[in-house]
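Report on the structure given below.
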Amino acid sequence: SRAIDETGYVQPTLAELVAVRGLNSFYHNNAIWPWRIDANGEVTNGQA
C-alpha cells in the first residue's frame, strides 16, 4: 500500500520515480515496491 506522511507527501510509484530520476538512480529508492506471495507463502520480488 502507498504511504502518506504527516506533511501530505505521497510515496511515489516506481514509474513516477523513474520518470523523475531515471533508471540508474537507486540511491534512497522510496518507491512502492511490489511483492508476490505464492500459494505456499513464499515471498518474491514482484518486479523481477
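Computed values, structure above
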read-out: Two-decimal ratio, the chain, of alpha-carbon radius of gyration to 2.2 N^0.38 Å; value: 1.36
read-out: Segment residue 31-residue 43, length gained on full extension (0.36 nm per residue, minus Cα span); value: 2.5 nm
read-out: Helix-only [θ]222 nm of the chain, DSSP H runs n ≥ 4, -39500 (n - 2.57) each, per residue, nearest 500; value: -4500 deg cm²/dmol
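Taken together, the values in this text are just the output of simple stated rules run on the coordinates, not laboratory data. On a predicted model such as this, the values are computed, not experimentally measured, just so you know.
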